[in-house]
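Peer 1: My questions all concern the structure below.
The values are calculated or read from the model by the stated rules, or taken from the named source; none is laboratory data. The shown structure was predicted, so the numbers you read here are calculated from the model rather than taken from an experiment. Every residue, glycine as well, gets a Cβ built from its backbone with ideal geometry; the counts of neighbours run over all protein chains shown. Areas reflect the complete protein model, heavy atoms only, side chains present, ligands, DNA and RNA absent. Shrake-Rupley method; radii C 1.70, N 1.55, O 1.52, S 1.80 Å.
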Amino acid sequence: KQEVTQIPAALSVPEGENLVLNCSFTDSAIYNLQWFRQDPGKGLTSLLLIQSSQREQTSGRLNASLDKSSGRSTLYIAASQPGDSATYLCAVRLSYGQNFVFGPGTRLSVLP
Amino acid sequence: GAVVSQHPSWVICKSGTSVKIECRSLDFQATTMFWYRQFPKQSLMLMATSNEGSKATYEQGVEKDKFLINHASLTLSTLTVTSAHPEDSSFYICSATGGYNEQFFGPGTRLTVL
């Protein structure tokens, strides 16, 4: 059974810092991995989707990497801003058409 | 990206009543829809998988007679919480896929049972 963990559970940093969020999954035979952002009481915002054949994806200040063999992904946020404060969720899919398995999330606070 | 809507966005009901939540794919045909539940300060957990025209597949521990799922068309799936109790209060999110690499998530429905 696929399990997804995220470290750290919570993170508080001053504005401007670069930071790394970590995601681990137990079954390396994934179809794809996706990072989401969730603001309190809100739905999910898709940040980056990495297919199993890809090593990384970039969007603006965000960069996500994927190492399937070791069962790890990292989300790198450059020059953090208070508006980045949210919970970041990592999720994996084992095959096309299947559901996501979500990690518990990392709660990020960026202090002005 | 494709758009998935949910209705209502929030609902408050009395214990013992039934509540229906709709999940619609607005600009694509969703052959499969997933229903997730998220309790406060927890992550999303899959409740059931719904394929158009067939019975939903429920995850272990999810009562199929309590959480009725209907996926009668390629753009609509409904989740009915029957005889709701306070412990059913949660954030319910659907996602839909229809031949894409990506799944698209609805904005969620917050259910509060008094």
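Peer 1: Among the residues of the range B:18-38, are any part of a loop (DSSP other than H, G, I, E, B) and farther than 28 Å from A:Arg37 by Cβ?
Peer 2: For the range B:18-38, residues part of a loop (DSSP other than H, G, I, E, B) and farther than 28 Å from A:Arg37 by Cβ: present.
Peer 1: Here's another thing I want to ask about it. What pairs can you find where one residue is in the range B:49-67 and assigned to a loop (DSSP other than H, G, I, E, B), the other is open to solvent by 60 Å² or more (accessible area, probe 1.4 Å), and their Cβ atoms are less than 7 Å apart, with a gap of 6+ or different chains?
Peer 2: B:Glu52/B:Thr31
Peer 1: Tell me which of these A:Gly97 doesn't satisfy, since it passes every other one: (1) open to solvent by 50 Å² or more (accessible area, probe 1.4 Å); (2) on the phi > 0 side of the Ramachandran plot.
Peer 2: (1)
Residues are listed down the side, and each one gets a yes or a no for (1) open to solvent by 10 Å² or more (accessible area, probe 1.4 Å); (2) under 19 Å from B:Tyr36 (Cα atoms); (3) of a type in the set (A, V, I, L, M, F, W, C):
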site	(1), (2), (3)
A:Tyr31	yes, no, no
A:Gln38	yes, yes, no
A:Leu44	yes, yes, yes
A:Ser59	yes, no, no
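Peer 1: Of (1) closer than 21 Å to B:Pro40 by Cα; (2) within 14 Å of chain B (Cβ to nearest Cβ), A:Gln98 satisfies all except one. Which?
Peer 2: (1)
Peer 1: Would the range B:20-34 turn up any residue that is touching an Asp or Glu at 6+ places or on another chain (Cβ under 6 Å), closer than 16 Å to A:Val101 by Cβ and within 11 Å of chain A (Cβ to nearest Cβ)?
Peer 2: No, the range B:20-34 has no match at all.
Peer 1: Here is a follow-up. For the range B:68-114, name all the residues that are closer than 22 Å to A:Arg93 by Cβ, within 9 Å of chain A (Cβ to nearest Cβ) and outside any loop (DSSP other than H, G, I, E, B).
Peer 2: The answer is B:Phe91, B:Ile93, B:Ser95, B:Thr97, B:Phe104, B:Phe105.
Peer 1: Among the numbered criteria (1) over 11 Å from the mean Cα position of the chain (by Cα); (2) within 24 Å of A:Lys1 (Cα to Cα); (3) touching a residue at least 40 places away in the same chain (Cβ under 8 Å), which one does B:Cys94 miss?
Peer 2: Against the list (1) over 11 Å from the mean Cα position of the chain (by Cα); (2) within 24 Å of A:Lys1 (Cα to Cα); (3) touching a residue at least 40 places away in the same chain (Cβ under 8 Å), B:Cys94 comes up short only on (1).
Peer 1: Across the range B:35-56, what is the total count of residues that are open to solvent by 80 Å² or more (accessible area, probe 1.4 Å) and not basic (Lys, Arg)?
Peer 2: Looking only at that region, the number is 3.
Peer 1: For residues that are aliphatic (A, V, I, L, M) and over 13 Å from A:Gly105 (Cα atoms), scanning just the range A:1-19, find the one that is nearest to the chain's Cα centre (by Cα).
Peer 2: Across the range A:1-19, the extreme among qualifying residues is A:Leu19.
Peer 1: Please work out if B:Cys23 is within 26 Å of A:Tyr88 (Cβ to Cβ) and touching a residue at least 12 places away in the same chain (Cβ under 8 Å).
Peer 2: Spelling it out, B:Cys23 is indeed within 26 Å of A:Tyr88 (Cβ to Cβ) and touching a residue at least 12 places away in the same chain (Cβ under 8 Å).
Peer 1: Out of A:Glu3, A:Glu15, A:Glu56, which single residue is touching a residue at least 40 places away in the same chain (Cβ under 8 Å), touching a Ser or Thr at 6+ places or on another chain (Cβ under 8 Å) and more than 17 Å from A:Gln98 (Cβ to Cβ)?
Peer 2: A:Glu15
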